[in-house]
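Novice: Next up is a structure, given as structure tokens.
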Amino acid sequence: MIGFSVNGKRVDLEVDPSTPLLWVIREQLGLTGTKYGCGMAQCGACTVHINGEAVRSCVAPVSRAAGTSVTTIEGLSPDLSHPLQRAWLEEDVPQCGYCQSGQLMSAAVLLREKPAPSDEDIDEAMTGNICRCGTYPRIRKAIHRAAAMVAKGGAR
Amino acid sequence: MIRQKMVSENASGGIQRRDFLKVTVAASGGLLIGFHFFGVSQLASAQASSASSFMPNAFVRIGTDENITVIVNHSEMGQGVYTSLPMLLADELDADWSKIGYEPAPVDPKYNHPVFGVQMTGGSSSVYSGLQQFRQAGAAARALLIAAAAQQWNVDASACRTESGAVFNGTRRLSYGQLVGAAAKLTPPANVQLKDPKDFKLIGKPLKRLDTSVKINGSAEFGIDVKLPGMLTAVIARPPIFGESVKNFDDTRARSMPGVRKIVAIPAGVAVIADTFWQAKVARDALRVEWDEGKMANFNTSTMMQDFRERAKTAGASVRKDGDAESALASAARKIDAVYEVPYLSHLMMEPLNCVVDLRADSCEVWTGSQFQTVDRANAARIAGLPTEKVQLHTTFLGGGFGRRANPQSDFVVEATHVAKAAGAPIKVIWTREDDMQGGWYRPAFLHAIEGGIDASGNAVSWRSRLVGQSIMEGTPFAAMMLKGKQYDPASVEGVDDLPYAIPNVTVECHQAEIGVPVQWLRSVGHSHTAFAVECFVDELAALAQKDPYQFRRQLLQKQPRYLGVLDLAAQKAGWGKPLPKGMGRGIAVHFAFESYSAHVAEVSVTDGKVRVHRMVCAIDCGQYVNPGIIAAQTEGGAIFGASAALFQELTFANGRLQQTNFNTFPVLRMNECPVIETHIVENKEKAGGIGEPGVPCAAPAIANAVFAVTGKRIRRLPIRLTEAV
């Protein structure tokens, strides 16, 4: 039995501890917003937070989550009110949308650590997240926009 | 995806207004207006009006709650059709945009592509082929609502007007929701008047996409996210070499692994069916499969390209012949030749292929991100042994398509249906990233040899192109239409067969290579390689003539105003000719594809043999446009897609085995490598063109030409490797 919290809710699961956290989140917990893209921490589509840290859940065994607090895209905000989500809407960021959960989860850690990120900070934090549609220019703008919102006191 | 010339040929047959709108009484008594094109006349009674909603035609449902749902017959794979097509309908309907929603169309002939005759998404054609369709549907619905209101008020319809989701007569107002019941009882008009474009309220505006919210909170449902009660998951062992089949397999270990329910051989390979993906994947990897050796065991891309080089030395099937290129070459003052090579490419959608099938005794439901609904449904029915009408296909969001999800054999649907037959339960087949990359249907590798000559004054006088590569149309539903009477595949040569430059002697020839690698259309198709060769060679001719590459093109495009328009706009916005910091250079390219014109100027630097693209200025002329915000997004995405191929991407085979497996060996441009991209739209009233693909072709040649500006070295092979430059 492995126990941890997901988006604030406690879960206890009977699961092979070597199973990647990604598939436990998607299949056992039914939270399909977290995506499979590569299975080897190359693309970032599966990014979630474990105790606030961005983790590629496709290579993290579920045992690593034991006793921790996991946040997925479904837990970023209950109502699209996170400054990043608001900025994503303003900049019309997504195209196909498949990578966007991972992009947002990586950006959320960046914004918390660096409330006014430079372009170099964005490069560093976001280079592990691939977008095949090519939304990078809009992601960059949206992160800056979210930072500006936070600076103006627009944060939750 | 499909060559655009077909559009004008077919469309010139003309859509007669009287044939356009036909009224049928649906089984339930509701009204459906069907759109009849090119012999497609069957109308299903799939959905109809009810007490709480009214479907004036197949493309729109109006609720008593004022919500309006637009039924979209094209797949949403990022290109914005769930926004742009509803805009067309909503504008003619005078709807309140905040009440507009979207819904994927079921598979039905009434949702067939008006040009291609099947339900599909491709060829950058959704907006321009749907332009009339969706506007007509909105206008027809509006006419019914007006008629219903006029009847209630006992006034003439001409005394009514519409605005923001309501009909008005003087100060009297009836909302569309209030008119649902009355309108459903009326006969749709035989004829509808479309708006004068000057009265558009939505079309032409950069409205925000309607599908963003669900894509930023995890709720958008892609094929891989579909869940059914009792569903099992399968992962398939497919042959490591194309053309091989299962000889025998040992599943002793795999069978005893946790969660494994069944292991079965299917035509595609060996399927492991388990409770979860991870269990299926681990057991699949534990299988020991012996494969029958096919014909590809000795296949190497390096020898293939060597063979292509030899073939290019001989004349191929004639594609175009203006004047006498051979003689003009012989008598040219100066000449140059170059051989351009591009590799096989993977579509590499972020969402790997997957398909859910629920097969019952007398019915079958399929959920997948399809770009090819009619074909996929028919193939699922064939494998299931059911009549087509017993199969429903539900189109989910597509986590990227780029052509791969319009597979001529429905490969990912067919094998999932085979697995479903064996599973005895609803089944989801998931391809791992490696399965997806190694599963075939690539953009074919091409070799393009060009010889050109200039006269003593530096005018281009001769051009001879010879291409060698595989056909993508062979074996597809479009083969008969596309290849009829031709010794070459038009999709191989699109983008050079219509070389626009004023050169008096032009020859284009093509050799078709027969190779057992499955190939398919990939975003911008033939243009993805012809633009590279053509626009790099034009640069080489300019250098030979000692002319500026932009001015050299201008001179040869004097009779091509729309090419000139984008070329000038891109050059001007990029500051062509203005000095750049040391170590940086600019390159330019212009191209026509999918009924649109585009030009790119790339600014690059080269450090320690590494190319860095700093800025791309893109000009696009897609005629009358619907949503400039989406156009900018598609142009940015196209430039990045093209730059990824130019800088990084190559699939190679050694002894029949593909050498690349995942993003680490087939890279995609990342945030830290992404240039600043500007999009500038040419304003005009020309016929609407495509936008999903036209942004791709110019990226590679603009970058390669910029590398020449910095280094003095020519790039003739993609991906760019400076060690190979000449």
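Novice: Could you list, ordered by first residue, the pairs with Cβ atoms under 6 Å in which the first is in segment B:622-635 and free of Cβ contacts under 8 Å to residues at least 60 places away in the same chain and among the hydrophobic types (A, V, I, L, M, F, W, C) and the second is in a loop (DSSP other than H, G, I, E, B) and open to solvent by 10 Å² or more (accessible area, probe 1.4 Å), at least 6 apart or interchain?
Specialist: Within 6 Å, no pair qualifies.
So that you can scan it fast, the table gives a plain yes or no per residue for (1) within 20 Å of B:Thr635 (Cβ to Cβ); (2) free of Cβ contacts under 8 Å to residues at least 40 places away in the same chain; (3) assigned to a helix (DSSP H, G or I):
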position	(1), (2), (3)
A:Trp88	yes, no, yes
A:Pro94	yes, no, no
A:Ala116	no, yes, no
A:Glu120	no, yes, yes
A:Glu124	no, yes, yes
A:Ala148	no, yes, yes
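Novice: Could you list, in sequence order, the residues of segment B:653-664 that are over 24 Å from the mean Cα position of the chain (by Cα) and more than 10 Å from chain A (Cβ to nearest Cβ)?
Specialist: If the condition is that a residue be over 24 Å from the mean Cα position of the chain (by Cα) and more than 10 Å from chain A (Cβ to nearest Cβ), then B:Phe653, B:Ala654, B:Asn655, B:Gly656, B:Arg657, B:Leu658, B:Gln659 are the ones that fit.
Novice: Has segment B:705-725 got at least one residue that is at negative phi, touching a residue at least 60 places away in the same chain (Cβ under 8 Å) and within 14 Å of chain A (Cβ to nearest Cβ)?
Specialist: Within segment B:705-725 (the criterion being at negative phi, touching a residue at least 60 places away in the same chain (Cβ under 8 Å) and within 14 Å of chain A (Cβ to nearest Cβ)), the answer is no, since none of the residues qualifies.
Novice: Within segment A:113-120, can one find any residue that is within 23 Å of B:Arg209 (Cα to Cα), over 10 Å from the mean Cα position of the chain (by Cα) and open to solvent by 20 Å² or more (accessible area, probe 1.4 Å)?
Specialist: no
Novice: Also, quick follow-up: Taking the condition of being of a type in the set (S, T, N, Q), outside any helix (DSSP H, G or I) and out of contact with any Asp or Glu (no Cβ under 6 Å at 6 or more places or on another chain), how many residues in segment B:511-566 meet it?
Specialist: 5
Novice: Tally the residues that are within 29 Å of B:His680 (Cβ to Cβ), within 8 Å of another protein chain (Cβ to nearest Cβ) and not in a loop (DSSP other than H, G, I, E, B), restricting the search to segment B:182-232.
Specialist: Qualifying residue count, segment B:182-232: 2.
Novice: While we're looking at this one, here's another question. What's the total number of residues in segment B:629-652 that are more than 11 Å from chain A (Cβ to nearest Cβ) and either in contact with a strand residue (DSSP E or B) (Cβ under 6 Å, 6 or more places away or on another chain) or not aromatic (Phe, Trp, Tyr) (or both)?
Specialist: Residues in segment B:629-652 being more than 11 Å from chain A (Cβ to nearest Cβ) and either in contact with a strand residue (DSSP E or B) (Cβ under 6 Å, 6 or more places away or on another chain) or not aromatic (Phe, Trp, Tyr) (or both): 8 in total.
Novice: What number goes with the only condition from (1) over 20 Å from B:Gly692 (Cβ atoms); (2) touching an Asp or Glu at 6+ places or on another chain (Cβ under 6 Å); (3) surrounded by fewer than 23 Cβ atoms within 10 Å (Cβ to Cβ) that B:Arg586 does not pass?
Specialist: (3)
Novice: Right, next: Pick from segment B:674-694 the residues that are assigned to a strand (DSSP E or B) and among the β-branched types (Val, Ile, Thr): which of them is nearest to B:Leu88 (Cα to Cα)?
Specialist: Going through the qualifying residues, I end up with B:Ile681.
Novice: Same structure again: Tally time: how many residues in segment B:260-304 are within 14 Å of another protein chain (Cβ to nearest Cβ), buried (at least 19 other Cβ atoms within 10 Å of the Cβ) and not in a helix (DSSP H, G or I)?
Specialist: 3
Novice: Also: Out of segment A:78-103, which residues are among the small types (Gly, Ala, Ser), open to solvent by less than 10 Å² (accessible area, probe 1.4 Å) and more than 7 Å from every other protein chain (Cβ to nearest Cβ)?
Specialist: Result: A:Ala87, A:Gly102.
Novice: Which of the residues belonging to segment B:636-673 are in contact (Cβ under 8 Å) with a residue 40 or more places away in the chain and part of a loop (DSSP other than H, G, I, E, B)?
Specialist: B:Phe648, B:Gln649, B:Glu650, B:Thr652, B:Asn655, B:Gly656, B:Gln660, B:Thr661, B:Asn662, B:Phe663, B:Phe666, B:Val668
Novice: Of all residues in segment A:1-21, count the ones that are assigned to a strand (DSSP E or B) and either modelled with pLDDT under 95 or at the interface with chain B (Cβ under 7 Å from one of its Cβ atoms) (or both).
Specialist: Total satisfying the criteria: 1.
Novice: Please work out which one of (1) surrounded by fewer than 21 Cβ atoms within 10 Å (Cβ to Cβ); (2) touching a helix residue (DSSP H, G or I) at 6+ places or on another chain (Cβ under 6 Å) is the condition B:Val525 fails and give its number.
Specialist: Only one criterion is unmet by B:Val525, namely (1).
Novice: Hey, does segment B:611-628 have a residue that's assigned to a helix (DSSP H, G or I), over 25 Å from B:His529 (Cβ atoms) and open to solvent by less than 30 Å² (accessible area, probe 1.4 Å)?
Specialist: yes
Novice: Just to be sure I understand, how many residues within segment B:55-86 are in a loop (DSSP other than H, G, I, E, B) and within 14 Å of chain A (Cβ to nearest Cβ)?
Specialist: 7
Novice: On to the next question. Which residue is nearest to the other protein chains (Cβ to nearest Cβ), if the candidates are limited to segment B:233-259 and must be of a type in the set (D, E, K, R) and surrounded by 17 or more Cβ atoms within 10 Å (Cβ to Cβ)?
Specialist: Across segment B:233-259, the extreme among qualifying residues is B:Arg238.
Novice: What number goes with the only condition from (1) assigned to a strand (DSSP E or B); (2) open to solvent by less than 20 Å² (accessible area, probe 1.4 Å) that B:Ala633 does not pass?
Specialist: With respect to (1) assigned to a strand (DSSP E or B); (2) open to solvent by less than 20 Å² (accessible area, probe 1.4 Å), B:Ala633 is out only on (1).
Novice: Take the residues of segment B:72-88 that are touching a Lys or Arg at 6+ places or on another chain (Cβ under 7 Å) and more than 19 Å from B:Gly403 (Cβ to Cβ): which is surrounded by the most Cβ atoms within 10 Å (Cβ to Cβ)?
Specialist: B:Leu88
Novice: Given (1) more than 9 Å from chain B (Cβ to nearest Cβ); (2) in contact with a Cys (Cβ under 7 Å, 6 or more places away or on another chain), where does A:Ser106 come up short, assuming only one miss?
Specialist: (2)
Novice: Give the residues of segment A:22-74 that are more than 13 Å from chain B (Cβ to nearest Cβ), closer than 16 Å to A:Met1 by Cα and in a loop (DSSP other than H, G, I, E, B), sorted by residue number.
Specialist: A:Ala66, A:Gly67, A:Thr68
Novice: If you go through segment B:398-422, how many residues are touching a residue at least 60 places away in the same chain (Cβ under 8 Å) and open to solvent by less than 20 Å² (accessible area, probe 1.4 Å)?
Specialist: Residues that pass the stated criteria total 15.
Results for (1) closer than 17 Å to B:Glu678 by Cα; (2) under 29 Å from the mean Cα position of the chain (by Cα); (3) among the β-branched types (Val, Ile, Thr), shown as yes or no for each residue.
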{"residue": "B:Ala531", "(1), (2), (3)": "no, yes, no"}
{"residue": "B:Cys536", "(1), (2), (3)": "no, yes, no"}
{"residue": "B:Pro549", "(1), (2), (3)": "no, no, no"}
{"residue": "B:Phe552", "(1), (2), (3)": "no, no, no"}
{"residue": "B:Leu556", "(1), (2), (3)": "no, no, no"}
{"residue": "B:Lys573", "(1), (2), (3)": "yes, yes, no"}
{"residue": "B:Ser598", "(1), (2), (3)": "yes, yes, no"}
{"residue": "B:Ala602", "(1), (2), (3)": "yes, yes, no"}
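Novice: Can you give me the number of residues within segment B:670-693 that are away from chain A (no Cβ under 14 Å) and open to solvent by less than 20 Å² (accessible area, probe 1.4 Å)?
Specialist: Of the residues in that region, 3 qualify.
Novice: Which one of these is outside any loop (DSSP other than H, G, I, E, B), in contact with a Cys (Cβ under 6 Å, 6 or more places away or on another chain) and touching a residue at least 40 places away in the same chain (Cβ under 8 Å): B:Val375, B:Val339, B:Val319, B:Val357?
Specialist: On inspection, the qualifying residue turns out to be B:Val319.
The values are calculated or read from the model by the stated rules, or taken from the named source; none is laboratory data. Predicted model only: the values in this text are computed from it and were never measured. Ideal geometry is used to build each Cβ from the backbone, glycine not excepted, and the neighbour counts take in all protein chains shown. Ligands, DNA and RNA are stripped out before the accessible areas are found, and what is left, the full protein with its side chains, is counted by its heavy atoms. Shrake-Rupley method; radii C 1.70, N 1.55, O 1.52, S 1.80 Å.
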